[in-house]
Amino acid sequence: PGPGHEDFRPRIVPYYRDPNKPYKKVLRTRYIQTELGFHERLFVAVLTSKATLNTLAVAVNKTVAHHFPRLLYFTGLRSAKVPHGMVLVAHGDERPIWLMYETVHYIHQHFGSDYDWFYIMQDDTYAQAEQVKALVTHLSINQDVYLGRAEEFIGGDEQARYCHGGFGYLISRSLLLKLHPHLDSCRNEILSVRPDEWLGRCIIDFLGITCVSQLQGQHYHTYELAKNSELEKEEEEEFQAALAVHPVSDMTLMYRLHKHFSRIQLDRAYQEIRDLQMQIRNLTSLTPAGEAGLTWPVGINAPFLPKSRFEVISWDYFTEQHLFSCPDGSPKCELSGASKADVSEIIESALEQLNSRYQPLLRFSKRQLLNGYRRFDPTRGMEYTLDLLLEAVTQKGHSHVLAKRVSLVRPLSKVEIIPMPYVTEATRVQLVLPLTVQDLDFVANFLDMFAMNTLDTHDNALLTLLLIYHPYDAQRVSQVDVFAGVKAMVGELEKRYAEVKIPWISVKTEVPSQVKLMDIVSKKHPVDTLFFLASVWTEINMEFLNRCRMNTISNWQVFFPVHFQEFNPALVYRGEQTASSSTDFLRDGHFDRHSFAEACFYNSDYMTARTKLAADILDQDEVLESMEVFDVFLHYSGLHLFRAVEPGLVQKYALRSCNPRLSEELYHRCVLSNLEGLASRSHLAMTLFEQEQANST
């Protein structure tokens, strides 16, 4: 440790609030990372010019840009046309010193408080992104760092060094913060032709810090590329270990460098895997299980061991043409799309492994896939077992046909967090409740739960009722209104909660199509409305409404929850008292995957998808009657459809009335929902057993 070394130890900061000052609610930050003062690791700035923006800068963007967490391009052009996929900052002055000054100033102003390290490079530099990221993880952020390829000033102090801009250089956040107040003075007082020399002189004159090529045991390796050099023959250790290579004269050379270093990195990764596997084999004999505990492939998690027959992961059978476990439940379907590509790749990989193991003695070629099996093991990945009919050819040209069984594993790779737009729980939810005459017995319970869980808690939610009249009932509405009781209950709620208004919309139809009903509601609300399409059996609660807000993202994602449906208590309890524990509760029902009645989506997303649907079917009523809102989003929007079980959305048992006027698929799905919602297999078996016993006596 040097003289400025600090020993960082945690200390407890006692909380103190002045009793004389009024209490104010503490505003928490959006992310805990902000509250704890964490910074992102690395920001990369690429300096480009008019001549190289559409060539070398594009090559940098296609090779290494996606490996860095944040990368921006800086140019002196005033109104440059930005190539696709690049973020460009134009300063409007092409003088090199001015470009450097404006770039450092811009980085400090917009990113100085967000990142720990700043890497500045030119577009004629090839940087190994993974090596640069690894370098900053080994450096302390507590020091002023100016790291790169150290060069002597022309005619200057022999001890002073600046970092050569062509090979890139690394600046720490603490150095940037100290440098920023002196940038104006440097611009006015320091004369230089080269921008990297100007920046190095500025740092030395005002901060007394010189460029170094080695710091804290880490070396900044660089390589100067000669003209017309052949990369395949560059075997120097200095070239293989280089973090940055300069100068790169054209796009083709940039791509060749990227391919070369990617191959080196891949070979290192494979060698590291082999070394780790060898260490695992050597250590396995020292474990209690011994060599019997060694799993295949070495280093991959062992297969999942089921504790009961209900946890057994089934295998899916396939051939080169067909799959015998289809998403729609049919016993056989054509192998296509991603599944076909998956099977082709697995067969090709199996042949490649066999040939690499037995060549040059034998060379294998595929005749036919006899049998194929695959299953997804959540602990390790996708497993395959293939029965291959192969033709083996010897070195002398003799051939022989044989069958071979091979096993393969496609392991789960590194988990990647997909960036999602930020949403809040403050969005107002507009509940839409369609009601038919068959639903009248359940309206009172729905309104009571809505009042208790939203109105009493002042949740930001509104309710609109859709009263669906049969044509016969609509003609007699002046004499007998079938929804008079519902309207009376709504009136009582509005009296109890003076600030609440619950509007209703009357609709006359024989076939209550979900899409037609939403068309009516959509036109009466703003485009930014967040809809929750509910059913009369839904028990509204704040927990689910918040998940509806968080899982629904405008112009990005819609949410179709799978509600938890309770079984028929007459079959489950058979006169006994209802179970109260959470485990028994989960056994007393199931998640109804046949129901798509509940949905959360924004009106703007629905209107966009509905417009595409109208252009496709020209508003044919028979087509609309066969569709649900889910189908509209599935086939006519590019949004993510989030379909997930929702334990906060619980429905009491009720026998649904299935409208035979709906399409065959919707009617069949409604009947299946009723049948599967009766009870579990064990409960049904017990009921049948008791009936047989009663009949026998």
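The values are calculated or read from the model by the stated rules, or taken from the named source; none is laboratory data. From a predicted model like this one, the values you see are computed outputs, not experimental measurements. FYI the Cβ positions are ideal-geometry reconstructions off the backbone, even for glycines, and counts take in every protein chain you see. These area figures cover heavy atoms from the full protein model, side chains too; ligands, DNA and RNA do not enter into them. Shrake-Rupley method; radii C 1.70, N 1.55, O 1.52, S 1.80 Å.
Before moving on, here are some points about what is shown:
- Mean separation of Cα contacts under 8 Å, 6 or more apart, over the residue count of the chain: relative contact order %: 7
- Estimated from the Cβ-Cβ distance and a Förster radius of 60 angstrom, the FRET efficiency linking Glu311 and Glu492 is about 0.75.
- Put simply, the Cα atoms of the range 333-420 extend 59, 30, 20 Å along their principal axes, the longest span coming first.
- Pair Tyr16, Phe591: separation of 7 Å Cα→Cβ label points (nm): 5.2
- Under the convention that each Lys and Arg Cβ holds +1 and each Asp and Glu Cβ holds -1, the size of the dipole of the range 90-186 around its Cα centre is about 280 debye.
- Restraint check, Lys133/Lys414; Lys81/Lys227; Lys523/Lys612; Lys340/Lys366, Cα-Cα greater than 20 Å: Lys81/Lys227
- Within the range 32-251, percent of DSSP bridges classed antiparallel, to nearest 5: 45
- FRET efficiency estimate (nearest 0.05) - Cβ-Cβ, Trp504 to Lys24, R0 41 angstrom: 0.45
- In a simple Cβ point-charge model (Lys, Arg +1; Asp, Glu -1; nothing else charged), the chain has a dipole of about 220 debye relative to its Cα centre.
- Rounded to the nearest 5, the antiparallel percentage of DSSP beta bridges internal to the chain is 55%.
- Overall form of the range 32-251 per C-alpha gyration tensor (a/c, 1.5; a/b vs b/c): rounded
- Distance between modelled label sites at Tyr106 and Val89, nm, 7 Å Cα→Cβ extension: 0.5
- Shown in residue order for the range 100-114 are the 3J(HN,Hα) couplings computed by the Karplus curve 6.51 cos²θ - 1.76 cosθ + 1.60 at θ = phi - 60°: 5, 4, 5, 5, 5, 5, 5, 4, 5, 5, 9, 10, x, 9, 10 Hz (x for Gly and Pro).
- Global geometry of the range 371-458, whether rounded, prolate or oblate, following the gyration tensor of its Cα atoms and the 1.5 cut on a/c: prolate
- Simple Cβ-charge dipole of the range 32-251, Lys/Arg +1 and Asp/Glu -1, about Cα centre, in debye nearest 20: 760
- Normalised per residue, the accessible area of the chain is 58 Å², obtained with a 1.4 Å probe and no contribution from ligands, DNA or RNA.
- Chymotrypsin sites (Phe, Trp or Tyr not before Pro) lying in DSSP loop within the range 233-326, provided at most 16 other Cβ fall within 10 Å: Phe304, Trp315, Phe324
- Rounded to 10°, Cα long-axis angle of helix 337-358 versus longest principal axis of the chain: 50
- Within the accessible area of the range 403-548 (1.4 Å probe), percent carbon and sulfur: 56
- Under Karplus coefficients 6.51, -1.76 and 1.60, residue-wise ³J(HN,Hα) of the range 427-440 in Hz, glycine/proline x: 5, 6, 9, 9, 7, 10, 10, x, 10, 10, 4, 5, 9, 4
- Spin-label pair Ala289/Ala694, simplified geometry with 7 Å Cα→Cβ offset, distance in nm: 5.2
- Taking amide H as placed 1.01 Å from N in the peptide plane, Ser506 has its amide H under 5 Å from the amide H of Leu467, each at least 5 places away in sequence or on another chain.
- Normalised by 2.2 N^0.38 Å, where N is the number of residues, the C-alpha radius of gyration of the chain stands at 1.30.
- Ranking Phe364, Ala338, Val393 by Cα position along the charge dipole of the range 316-411, where only Lys, Arg, Asp and Glu carry charges on their C-beta atoms, puts Val393 farthest toward the positive end.
- Coordinate range along principal axes, alpha carbons of the range 440-516, Å, largest first: 40, 30, 21
- Estimated purely from DSSP H runs of n ≥ 4, each contributing -39500 (n - 2.57), the mean residue ellipticity at 222 nm for the chain is -10500 deg cm²/dmol once divided by its residues.
- The chain: angle of helix 664-676 to the longest principal axis, Cα-based, in degrees nearest 10: 80
- Taking the C-alpha atoms only, the angle from helix 681-696 to the longest principal axis of the chain is near 20 degrees.
- Backbone HN-Hα couplings from phi across the range 643-648 [Karplus 6.51/-1.76/1.60, Hz, Gly and Pro as x]: 10, 8, 5, 10, x, x
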